[in-house]
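Some notes on the structure that comes next.
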Amino acid sequence: MGTGSTDVAGAVRGRSAVVAVGNTAQGTVPGIPADELAVEALRITLAEAGIDKSAVDGLITCKSYGGFGIDTEIGRLAGLNPAYSATLDYGTCNFSLHLACAVIDAGLASTVAIVYGTDQRSSGNRFGHALGRQDEASVYGFLNVAGPAAMAFRRHQHLYGTTEADLGRIAVSQRRYAEDNPLAIFREPLTLEDYLAQPYLVEPLRRSDLCMISDGGACLVVARADRARDLTETPVHVLGIAQQTGLRDRQNADQWMRGWIEQVASRIYPAAGIARDDVDALYIQDPTSVWVLQMLEMYGFVEPGGVGEAFATGQVGHGGRLPLNTNGGQLSEAYMWGFLHLCEAVRQLRGEAGGRQLEGLRTAQYCSTFGFMKAASTILGTELS
C-alpha cells in the first residue's frame, strides 16, 4: 500500500489561533507530581493571559512518560468540566495542536487548553525501553532513541560523507540561543572544539547530541478564530498543518533516513498558503541532533549532505538567514516533547522573546516526529493575508 495523501489540512487555514502559552520552571522540580505540574502550567498560562478558566471548553492532555497526564485526572485537579476532552498517548505538541484544530473545526469546543506535565527527571525515569519490535530491541540494543539515531547518522555519513563536526554545528548553534534563554537548562557556552572533545555516549553521538530529560509543565490555549480576538489582542493564527506516518517500519525503503517525512513537506506549504522561503523562523523537535539534520533536508531547507556548510556559511542557525530553534531546543532548553518549541514560536511571533527576540517575524514552522512512526508540521503566522 502507498503512503497516501490528503488535502484536508488546507481547510484549517486561519480557522484557529493560539491565544496563550505558558510554562513552569524546567529542570528538576522534586516533590511535585506530573499531573500537578501540568495543572500549574495551565494556571500560569491563563493568569498571564487574563483568561478565566470558565472560558476553556476543551482539554487535551498528553501522557507523560510513565502514564501520567490523563484528562480525567487533570480536569479534576484543575476544576474543569469541559465540553470535550481527550488524552493522546504520544501527544508531542504538534499532534496535540492538530487535534485541537480538528476539535474546534468540528464544533466540539471553541477554546481548547493543551497541557503537559512531567516529573520524569526527579522520579528517576531513564527512558530505557524497547523501541518498536521486542526482538529487534533485544538483538540490537535499541533501548533508547540514541541507538537508532546513531545508526541513522552512520547511514547519512555513508551516503553523503557527513562529518561529526557537521553534526556538531547543530548543537553549537542551539546553545548560542540558549545562552539568552533564562528557562534553558544548559546555558554555558559550547564551541565546536568543546563538542568534538566530548566523549561518545553512543558512537558517533556525544552528550550534546542528545537531550537531557527534565521536569516541568507547559500549556497552549487554542481558540476558534472569531473567539480568539475576544481573548487576546495578538492571536497567532494556525496557517497550516500536515502529517504523515511511516507505520510500515522496516518495509519502508531506507527506513533509517525516514524518507516519508518528505510527504509532510509536500503538503504543509500548500496547506498554509505560503512558500517554504516565506518561513521566517524554524523549529524542529530535537531529542537528538540527527533529527534536526534529517528534517532540514527533508523539508528542503538544505540540500542533502549540506547541513554542515549551511551552518558554517550562515544559511541556517544562530545569526543565520533562517533562525533555528531560537529557544535552544530540547538539546539545550529542556525536554518537553516539543511543547516549548511552540511556546517559543508563539512568543517570537508576538515579540515577547526578550533578549533573543528576532525582528520582523511573520511566520514560523514547527516540525516534529514520533520516532520512526509519524511526522507532523505546523505553520503559524501573525497575518492571514
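The values are calculated or read from the model by the stated rules, or taken from the named source; none is laboratory data. Quantities reported herein were computed from a predicted structural model and do not represent experimental measurements. Positions of Cβ are backbone-derived with ideal geometry, glycine not excepted, and every protein chain shown enters the neighbour counts.
Number of residues in region 63-116 that are outside any helix (DSSP H, G or I), under 15 Å from W337 (Cα atoms) and either touching a residue at least 24 places away in the same chain (Cβ under 8 Å) or touching a strand residue (DSSP E or B) at 6+ places or on another chain (Cβ under 6 Å) (or both) equals 15. What do you reckon, is V12 over 18 Å from the mean Cα position of the chain (by Cα) and at pLDDT below 95? Yes: the conditions hold for V12. Given the residues T378, T326, which is the only one that is of a type in the set (V, I, T) and more than 30 Å from D249 (Cα to Cα)? When all the criteria are applied, what remains is T326.
Take I268 and tell me if it is modelled with pLDDT of 95 or more, within 28 Å of K53 (Cβ to Cβ) and buried (at least 21 other Cβ atoms within 10 Å of the Cβ). In short, no.
Taking region 142-196 as the search range and keeping residues that are of a type in the set (S, T, Y) and touching a Ser or Thr at 6+ places or on another chain (Cβ under 9 Å), which one is nearest to Q255 (Cα to Cα)? First the steps, then the outcome.
Narrowing region 142-196 to residues of a type in the set (S, T, Y): 160, 162-163, 173, 177, 191, 195.
Those left that are additionally touching a Ser or Thr at 6+ places or on another chain (Cβ under 9 Å): 177, 195.
Details: Y177: 32, Y195: 28 Å.
That would be Y195.
Beta carbons closer than 7 Å, at least 6 apart along the sequence or on distinct chains, pair a first residue in region 16-43 that is in the same structural domain as T118 (by TED's automatic domain parsing) and part of a loop (DSSP other than H, G, I, E, B) with a second that is of a type in the set (G, A, S) and surrounded by fewer than 21 Cβ atoms within 10 Å (Cβ to Cβ) for T28/S122; V29/S122; P30/S122. Against the list (1) assigned to a helix (DSSP H, G or I); (2) within 24 Å of the chain's Cα centre (by Cα); (3) not hydroxyl-bearing (S, T, Y), the condition C219 fails is (1). Residues that are buried (at least 19 other Cβ atoms within 10 Å of the Cβ) and either hydroxyl-bearing (S, T, Y) or under 25 Å from D119 (Cα atoms) (or both): does region 301-324 have at least one? No, region 301-324 has no match at all. Candidates are the residues of region 267-296 that are of a type in the set (G, A, S) and closer than 21 Å to L384 by Cα; the one that is nearest to the chain's Cα centre (by Cα) is A281.
Which one is surrounded by the most Cβ atoms within 10 Å (Cβ to Cβ), of the residues in region 62-86 that are among the polar types (S, T, N, Q) and modelled with pLDDT under 95?
S64
Taking the criterion of being out of contact with any strand residue (DSSP E or B) (no Cβ under 8 Å at 6 or more places or on another chain), more than 19 Å from Q263 (Cα to Cα) and surrounded by 16 or more Cβ atoms within 10 Å (Cβ to Cβ), the residues of region 347-371 that qualify are A353, R356. Selection of region 160-205 for residues being among the small types (G, A, S) and modelled with pLDDT under 95 yields only A184.
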